[in-house]
Amino acid sequence: VKKSVEGLKTSKITGGRRHPLKTRQKFQTDRYPNEALMGDQETSTRKTRGNNRKTG
């Protein structure tokens, strides 16, 4: 899931749209929501900034 491009582009005075100057970086993207599920617990590992890992 990615965040929308809110705040990255604005509209001109004439009503036209401006294109964003940059795109979202990897650490700025959203992740899927952590919803409780029935059954055995599963852990997943994902890469984070600084060559670290997150488990959850």
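The values are calculated or read from the model by the stated rules, or taken from the named source; none is laboratory data. These figures come from a predicted structure and were not determined experimentally. When we count neighbours, we look across all protein chains shown, and the Cβ atoms used for this are built from the backbone with ideal geometry, even at glycine.
When the test is whether a residue is touching a strand residue (DSSP E or B) at 6+ places or on another chain (Cβ under 6 Å), at pLDDT 80 or above and part of a loop (DSSP other than H, G, I, E, B), THR14 does not pass it.
Within the stretch 11-49, the set of residues being loosely packed, with under 10 Cβ neighbours inside 10 Å, of a type in the set (Lys, Arg) and over 17 Å from the mean Cα position of the chain (by Cα) comprises LYS12, ARG17.
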